[in-house]
2 protein chains.
Amino acid sequence: MPNAPDPARRSERSRKAILDATLALLHESGYRDLTVEAIAARAGVGKQTIYRWWSGRGAVVLDALAEQVSSAGPPVLPDSGDLEADLRAVVRAIVAELADPRLSATTRALTIETLSSETLAEQVRDRLLRPQLDAIKTRLRSARQAGHLRKEADLDQAVELLIGPMYHRWMLRTGPLTDEYADGIVDLAMAALRPRAA
Amino acid sequence: MPNAPDPARRSERSRKAILDATLALLHESGYRDLTVEAIAARAGVGKQTIYRWWSGRGAVVLDALAEQVSSAGPPVLPDSGDLEADLRAVVRAIVAELADPRLSATTRALTIETLSSETLAEQVRDRLLRPQLDAIKTRLRSARQAGHLRKEADLDQAVELLIGPMYHRWMLRTGPLTDEYADGIVDLAMAALRPRAA
């Protein structure tokens with residue numbers, strides 16, 4: 001007797017095909033051209049299958065990116081012992097991502113979702129951003145233990161000091177997003193956070 | 001012979017009535033409940049008059065707020081000679097605005113417009129935000145001249161250091177927006193910007 005079809009397994013297979021198709025299309029043509037139709041066609045499912053599980057393309061993209069983040073495991077910042085060098089590497093990488101028109105279109109779309117819906121805001125924050133912010137926070141905590149950071153520094157505020165200015169510049173397009181700019185951010189943050197001279 | 005009706009003057013009267021109605025409705029019930037219908041009714045014009053001049057409620061709100069800003073004249077930060085005290089006052093005021101649900105709904109809406117359209121982004125930046133950012137920059141410049149700021153400080157980056165972290169926290173709802181938080185931002189920024197000990 002052949003196995004009975006397993007609807008749970010079939011669902012899981014469709015779900016995975018949809019998320020994979022979403023990432024592939026994002027990579028190939030970016031968020032602007034991404035439609036639920038295109039995802040359905042690529043995944044070999046009907047549009048209604050997507051709408052059964054998600055409210056729209058923003059929600060699918062969020063799930064696809066979140067699974068990518070979680071399957072990569074929690075991000076860890078290298079700890080070379082030189083806090084300034086480690087922060088330069090991560091801030092340069094984030095600035096480069098924001099300066100890339102294709103990656104930045106996805107971030108822009110997710111930021112709009114974040115501002116439009118409190119539920120999506122929580123998900124973007126907790127599933128996509130929190131792991132990145134936590135990785136920076138962990139590195140700052142170890143620097144504080146090593147005496148390279150003011151003892152009384154608030155680590156959440158320290159992370160915002162690194163991240164906030166570049167998102168502001170990116171959002172308002174008020175200036176260039178370059179390595180030099182990234183290094184300037186780290187320089188200012190280090191001046192703010194370094195133990196004060198006795 | 002009575003004066004002939006003056007269509008230019010009538011247009012200007014309608015435009016002003018529409019912008020005034022927009023500000024009044026924003027003030028009374030906030031952005032969420034604001035519709036083009038409600039603005040038209042309050043201003044005593046037809047909906048089509050609004051759509052002839054604006055693409056939608058986002059564009060009307062932007063014009064209404066921009067005229068309010070420009071009729072108030074360019075904002076000036078007080079210069080008490082104590083940079084830290086002056087910055088505390090302005091950062092506390094911005095944090096309080098972001099913490100206010102009604103004001104914050106308008107800022108949220110304008111941020112969405114900023115992210116959705118490059119044209120509106122430029123207008124929001126240049127007509128609404130630039131005057132505020134420039135006022136802070138002017139105060140920082142005079143502090144630099146007085147020797148209260150590092151000589152080599154980049155003033156645009158200094159402004160972003162003050163403003164970026166709070167918008168990041170507000171957008172992602174990652175923490176409380178209080179006076180204490182505002183003072184912490186100023187404390188960190190001052191540590192970053194103060195002339196370094198010789």
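The values are calculated or read from the model by the stated rules, or taken from the named source; none is laboratory data. This one's a predicted model, so the numbers in the text were calculated from it and none came from an experiment. Using ideal geometry, Cβ is built from the backbone for each residue, glycine included, and neighbour counts are taken over all protein chains shown. Heads up: the accessible areas ignore ligands, DNA and RNA and are worked out on the full protein's heavy atoms, side chains in. Shrake-Rupley method; radii C 1.70, N 1.55, O 1.52, S 1.80 Å.
Of note:
- Given charges at Cβ of Lys, Arg, Asp, Glu: the protein assembly as shown dipole, positive-most of B:Ala38, B:Leu193, A:Leu103: B:Ala38
- Close lysine pairs were tallied over the protein assembly as shown: pairs 8 or more places apart or on different chains with Cα atoms under 29 Å apart number 5.
- Placing a label point 7 Å from the Cα of A:Asp82 along the Cα-to-Cβ direction, no residue of segment A:174-198 has its backbone N under 12 Å from that point.
- Sorted from nearest, the other copies put their B:Thr138 label points 4.7 nm away, the label point being 7 Å from Cα in the direction of Cβ.
- Spacing of the modelled spin labels on A:Thr35 and A:Arg150, each 7 Å from Cα toward Cβ, amounts to 5.4 nm.
- Computed over segment B:30-126, the percent of Cα pairs more than 22 Å apart is 43.
- Cβ-placed point charges (K, R +1; D, E -1), dipole of segment A:7-70 about Cα centre in debye, nearest 20: 300
- Debye intensity ratio I(q)/I(0), log10, chain B, q values 0.16 Å⁻¹ (C-alpha model): -1.06
- Computed over protein heavy atoms with a 1.4 Å probe, the carbon and sulfur contribution to the accessible area of segment B:7-70 reaches 50%.
- Rounded Å value of the spacing that divides the Cα centres of segment B:144-165 and segment B:19-63: 38
- Restricted to Cα atoms, segment B:7-70 shows a radius of gyration and a Dmax of 10.7, 33 angstrom.
- Virtual spin-label span in nm between B:Ala8 and A:Glu12, 7 Å along Cα→Cβ: 7.4
- Distances between copies of A:Ala8, taken at a point 7 Å out from Cα along the Cα→Cβ vector and listed shortest first: 7.6 nm.
- Take A:Thr174, move 7 Å from Cα toward the beta carbon, and the resulting point lies 1.8 nm from the same point in each other copy, nearest first.
- Taking every alpha-carbon pair in segment B:76-193 and binning the separations at 10 Å intervals from zero gives 13, 43, 33, 10, 0 percent.
- Buried surface for the A/B pair, taken as the accessible area of each chain alone minus that of the pair with a 1.4 Å probe, is close to 3600 Å² in total.
- Nitroxide proxy distance, nm - points 7 Å out along Cα→Cβ at B:Arg127 and B:Asp100: 2.1
- Cβ-based net charge around B:Arg102, under 12 Å, with every Lys or Arg adding one and every Asp or Glu removing one: -2
- Mean accessible surface per residue for chain A, computed with a 1.4 Å probe while every protein chain stays in place, in Å²: 51
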